Amino acid sequence: MAPIHFHGADANAPVIAYLGAEEPLDGVFPSSHRYCGKSIPFGSREEALKNASTLGYFNSAQAITDYAEILLYIKQKYNASHSPVIVIGGSYAGMLAPWFRLKYPHVALGALASSAPILYFDDITPQNGYYSIVTRVFREASETCYETIMKSWAEIEKVASKPDGVDNFPYSSLYQDNIIEFLPLKDSYELEDFLESMYANAAQYNQPPKYPVNMLCGGIDGEALGSDNDILSKIFAGAVATKGNKSCYVNPPINESETTVGFRWQDIKLILQRFAGNIIFSNGLRDPYSSGGVLEDALESVVAIHTANGRANQDSDPDWLVIQRKAEVEIIEGWISKYYADLKAKLKSRRPAGHRGMTNEDCGASMYKLINLLL
């Protein structure tokens, strides 16, 4: 979990905590998700990921318990017992944030969950929703690119159905002559799985300055070989455009990480429960994860904010993102203002004369600055 932003206990300033997910994070109070970054138990990464007896502690339920312990420790250390905590996360951490608010409402006043596909569980939403958005993003980028990709699946199966067809892939028009150092394909599914992941990643991370969907489609549409018989050459040109020239594209050597092992291991359903209040679900509808996101208000204090555009924060934010972020800040300001009002009533008789708490204006300026930084 990092970074944690805090403006001082004297004013009961809010604590903004960005929850770490599967990637290592550093900050003033660095604490990554357990088994990630420097938070490796059992002495080494190899030992921690060794078997079920050590992997059993690698789950999201225990991760949010870690975050609760850390936040309570920080509030105690800095005499900030009355400071409200807002937890923020995106993607997997976007799911951790509302789960944290649900399980530890006495620790977190509220949660902002960005791009959190929380409805994928228990068949709440269609499981093909992610790829339907990937398809739409490619089709909007280029109809001819979309059509070439659609035709390529049948072409791959056609080549694979021939005698020793899978063995032909390394020497077919999909590969350059020098691309020979890779693990051999066992069946066409391995190639299809690689391409499927390439298209999905391009759509999910389709942001400036590269815009990988446009790069990939530019390679496919610009391939000079050009006839229907060269469909796989066009697909390969798209791979080169987005991934560069490599000696191996499919089945490269893989070094397993805590991320790949962890997502296979965890049962995230463990902590899926009914939602509490003070949760914002934020989505961009061009993000494939929005298909599993909360897009409608569930309660008055469990709200959904979304835009038809984009996904993540950018160096030069477009107007729609600025508007969406301001709406989120206003909601969080409302939570904190109510918290301060309740706290003021509670502490009024005990507060020394002349003590100044954080005002709504202070809170608003700080909150917008911090959320602009974190999202």
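Taking every residue in region 56-71 that is farther than 15 Å from LEU102 by Cα and of a type in the set (Val, Ile, Thr) and pairing it with any residue that is in a loop (DSSP other than H, G, I, E, B) and open to solvent by less than 40 Å² (accessible area, probe 1.4 Å), at least 6 positions away or on another chain, the pairs with Cβ-Cβ distances below 9 Å are ILE70/MET1; ILE70/SER31.
Quick one: how many residues across region 263-293 are modelled with pLDDT of 75 or more, farther than 20 Å from LYS326 by Cβ and hydrophobic (A, V, I, L, M, F, W, C)? Qualifying residue count, region 263-293: 0. Screening ASN313 against (1) polar (S, T, N, Q); (2) modelled with pLDDT of 55 or more; (3) under 30 Å from VAL134 (Cβ atoms) leaves a single unmet condition, (2).
To keep it simple, each residue is scored yes or no on (1) touching a Gly at 6+ places or on another chain (Cβ under 9 Å); (2) hydroxyl-bearing (Ser, Thr, Tyr).
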{"site": "ALA63", "(1), (2)": "yes, no"}
{"site": "TYR67", "(1), (2)": "yes, yes"}
{"site": "ILE70", "(1), (2)": "no, no"}
{"site": "ALA116", "(1), (2)": "yes, no"}
{"site": "TYR130", "(1), (2)": "yes, yes"}
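Filtering region 101-140 to residues that are open to solvent by less than 10 Å² (accessible area, probe 1.4 Å) and under 18 Å from ASP66 (Cβ atoms) leaves VAL107, ALA108, ALA111. Each residue in region 38-62 was checked for being touching a Ser or Thr at 6+ places or on another chain (Cβ under 9 Å) and open to solvent by less than 10 Å² (accessible area, probe 1.4 Å), and 1 of them qualify.
Can you name the residue in region 195-229 that is acidic (Asp, Glu) and surrounded by fewer than 17 Cβ atoms within 10 Å (Cβ to Cβ) and is also modelled with the lowest pLDDT among such residues? Only one residue tops the list, namely ASP228.
Residues checked against (1) touching a Cys at 6+ places or on another chain (Cβ under 6 Å); (2) modelled with pLDDT of 80 or more; (3) surrounded by fewer than 16 Cβ atoms within 10 Å (Cβ to Cβ):
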site	(1), (2), (3)
ILE16	no, yes, no
ALA21	no, no, no
TYR35	no, yes, no
TYR67	no, yes, no
LYS75	no, yes, no
TYR78	no, yes, yes
SER83	no, yes, no
TRP99	no, yes, no
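Of the helices (runs of 4 or more DSSP H) lying entirely inside region 101-172, those containing at least 1 residues that are at pLDDT 90 or above span 129-141, 143-160.
The values are calculated or read from the model by the stated rules, or taken from the named source; none is laboratory data. All of these numbers come straight from a predicted model, not from anything done at the bench. All Cβ positions, glycine included, derive from the backbone under ideal geometry; neighbour counts span all protein chains shown. When the accessible area is computed, the model is the full protein with side chains, heavy atoms only, and any ligands, DNA or RNA have been set aside. Shrake-Rupley method; radii C 1.70, N 1.55, O 1.52, S 1.80 Å.
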